[in-house]
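Notes to accompany the following structure.
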Amino acid sequence: MTADGGRRPSALAIYVGALVAAAGVSVPLFALSAKPSLPSDWYILPVLAVLVFAAEQLQIRYQYRSVVESFTVMEAAIAPLLLGYRGGVAVLVVVAAQIFASALGRNSFIKSAFNVAQWALATSLATAVTDSVADPGSSHHTILLSAVAGLITLMVVNQVAFTAVLVLAKQRQLLVPHVVGLRMLNAIVSVCYGVFLAASYAWVPWTAVLFLPPLVLLHLAGRGIAAVSVDRLRLRALQQATHVLATSFNPAAAYPELLRTVRTAFEVRAADLALFRDLGHYELHRLTREGYQHLDEA
């Protein structure tokens with residue numbers, strides 16, 4: 001997941017640099033020493049690489065005010081890689097997907113560095129966890145348990161790294177409850193779908209060719225959930241706005257609060273309320289970032 005913002009303070013650059021350094025240490029320390037839990041089916045690797053690339057590209061973009069956050073199910077796409085290939089291979093595929101996405105999206109250097117380092121660190125730690133739970137001689141139940149452990153590691157590392165970058169970038173508006181709820185729902189869905197992919201791959205590796213269509217359907221379902229969530233928030237805000245007018249003895253005194261509620265709900269720069277007295281004459285109430293304005297009849 002990624003976030004777009006405005007001017008970034010130096011603390012964020014220091015944090016991203018530290019994250020890059022941590023990834024640089026963890027990849028040779030954990031990923032290169034990890035062993036696959038299943039025999040490697042190298043002819044399936046291109047299919048899984050395409051799946052990871054597709055998971056990164058099928059983003060659900062959610063805008064909250066001036067900040068845009070993107071949700072993906074990358075954790076799910078990485079799950080088969082954790083089981084069937086060495087950790088270095090999994091990290092290489094994930095890093096390539098992030099570089100490819102950054103190039104297509106023309107992301108800034110610091111944002112690209114964060115995304116690559118975040119996923120490299122999370123994937124290397126996930127391979128270490130997967131390797132510690134199961135080995136090539138383990139039962140299928142133990143191997144599946146190792147995939148669950150690896151996916152949870154991916155989710156936790158990504159959530160911690162992303163939350164830290166939001167705080168440092170002063171994008172705390174993405175930490176409000178409904179946005180955090182969407183983020184956690186996305187993480188849970190990714191883990192559940194990842195378990196399904198891992199189980200299918202462990203059972204019959206060539207089923208990986210069938211993984212892409214459900215990924216597309218999951219993306220479409222996610223877009224629908226995000227849209228419904230936004231509509232629910234806006235309807236709730238309109239209900240609050242109606243309540244403000246209905247409970248006020250002086251409707252004119254309630255106009256600023258009404259406009260503030262509408263402006264926040266629809267995430268716009270300005271909200272206008274025009275009261276028409278007769279043909280060609282109206283009274284305008286406006287609320288912007290600069291404050292409330294009451295314009296005379298025109």
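Here are some notes:
- Qualifying residue in region 202-210 (condition: over 23 Å from Arg183 (Cα atoms), open to solvent by less than 80 Å² (accessible area, probe 1.4 Å), of a type outside the set (A, V, I, L, M) and at pLDDT 70 or above): yes
- Some residue of region 260-279 being touching a Leu at 6+ places or on another chain (Cβ under 7 Å), within 30 Å of Leu38 (Cβ to Cβ), part of a loop (DSSP other than H, G, I, E, B) and at pLDDT 75 or above: no
- Taken over region 103-123, the criterion of being crowded, with 23+ Cβ neighbours inside 10 Å and of a type in the set (Ser, Thr, Tyr) is satisfied by Thr123 alone.
- Residue, modelled with the lowest pLDDT, within region 242-259, restricted to residues that are of a type in the set (A, V, I, L, M, F, W, C) and open to solvent by 60 Å² or more (accessible area, probe 1.4 Å): Phe249
- Members of region 43-53 that are open to solvent by 20 Å² or more (accessible area, probe 1.4 Å) and touching a Gly at 6+ places or on another chain (Cβ under 9 Å): Leu45
- Just one of the listed residues (Ala117, Ala97, Ala113, Ala101) is within 25 Å of Ile14 (Cβ to Cβ) and in contact with an Asp or Glu (Cβ under 8 Å, 6 or more places away or on another chain), namely Ala101.
- Residues within region 126-145 that are of a type outside the set (Val, Ile, Thr) and buried (at least 24 other Cβ atoms within 10 Å of the Cβ), tallied: 2
The values are calculated or read from the model by the stated rules, or taken from the named source; none is laboratory data. As the structure is a prediction and not an experimental result, all values here were calculated from the model. Neighbour counts are summed over all protein chains in view; Cβ atoms, including those assigned to glycine, are modelled from backbone coordinates with ideal geometry. SASA here: full protein model, heavy atoms, side chains in, ligands and nucleic acids out. Shrake-Rupley method; radii C 1.70, N 1.55, O 1.52, S 1.80 Å.
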